[in-house]
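The values are calculated or read from the model by the stated rules, or taken from the named source; none is laboratory data. In this text the structure is predicted, and so the values were computed from the model without any measurement. Methodologically, a virtual Cβ is constructed for each residue, glycine included, from the backbone with ideal geometry; neighbour enumeration extends over all protein chains shown. Side chains are part of the model used for accessible areas, which takes the heavy atoms of the whole protein and leaves out ligands, DNA and RNA. Shrake-Rupley method; radii C 1.70, N 1.55, O 1.52, S 1.80 Å.
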Amino acid sequence: MFTSLTKRLASVLVVLGLSVGGAANAQSPEDLNDLEIAHVAYVADNIDIQYAHLALALSENPNIHEFARTMIRDHEAVNEQALGLLAKLGVEAKDNFLSQKLIADSKGIIDKLTALRGAEFDKAYADNELGYHKAVNGLVEGVFIPNIQNAEVKALFEAGLKIFKAHEKHAQMMVDTLP
Amino acid sequence: MISIIKRIVKTGTVALVCAAVLGLSVKLYAGDSTESPAMLAEHIVYIENMEFSPSQLQVKVGDSITWINKDFVPHTATALDKSWDSKNLSKGDEYTLVVTADIPTDYYCFYHTNMVASIEIME
């Protein structure tokens, strides 16, 4: 019965244009299906929101605060769009190796940032934001967008990439102007 | 922008015809000078894909500019010296500014400081 239900669900998702096949227990970003890619993006958004809350708590630099508030505002907006789209499609994002790796990596970064104060924290936060956005943008542009099957999901990622590229430029400016 | 100006002209033409039928005397978007009434334009700047479009806009004193946010992330349209400021514009929100001779013409998005644009005030 379970197999039958799974097959029916898969056929519905195929009709929706969502890729759900992928490799079982994918270990490479190229192997992730649409629902797994959506999960990675959701996790990546939430990680950056966590970094931003840390910056608001620990930094005293007004420019860092403004940047952090923008990260919270924008990434929450992107997640709201993503959740709305998944609800409309009647599907749920799927946990995977890359989401888990991002979460594990972020814990180490949060531990390091939490130990810093003042200018040291500001520099480490700005450097991390630049590196994080560069890495995620590269993944979204080079791997996710070309592989996403559903047109609406792809369009959301394309819109998201423009936002995240603006964040990357903003982070670069922050890195360049910090004392 | 051209379509908006055409719409104003069309609307104004209809208004003039109606007024003429009713025997009324009207001035169509007359500026301060009654001797040479100038058509005042309503300009629209869309905020979309993390850009102001158009990013450079030619206007005249008395024209109005309306910014409309089409992105799903919030933006602002804020003078560099902050003397005029839309404040937060969520998706679909609008902000209108009437052009005066002394307004600062360079502006940006307060949230995304790389988003910059300008107004050029023509004689």
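Data overview
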read-out	value
Where GluC sites (Glu not before Pro) fall in DSSP loop in region A:49-103, at most 14 other Cβ within 10 Å	A:Glu60, A:Glu92
Aspartates and glutamates with Cα under 15 Å of B:Lys87, excluding same-chain neighbours fewer than 8 positions away	A:Glu66
Listed residue (A:His133, A:Ala52, A:Gly160) projecting farthest to the positive dipole end of region A:29-177, Cβ model	A:Ala52
Chain pair B, A: total accessible area buried, heavy atoms, 1.4 Å probe, Å²	1200 Å²
Kyte-Doolittle mean at least 0.0, axial Cα span of 20 Å or more - DSSP H helices of chain A	A:2-16, A:34-58, A:97-114
Probe 1.4 Å, accessible area per residue of region A:29-177, Å²	46 Å²
Lysine pairs within region A:29-177, Cα separation less than 21 Å, 8 or more sequence positions apart or different chains	18
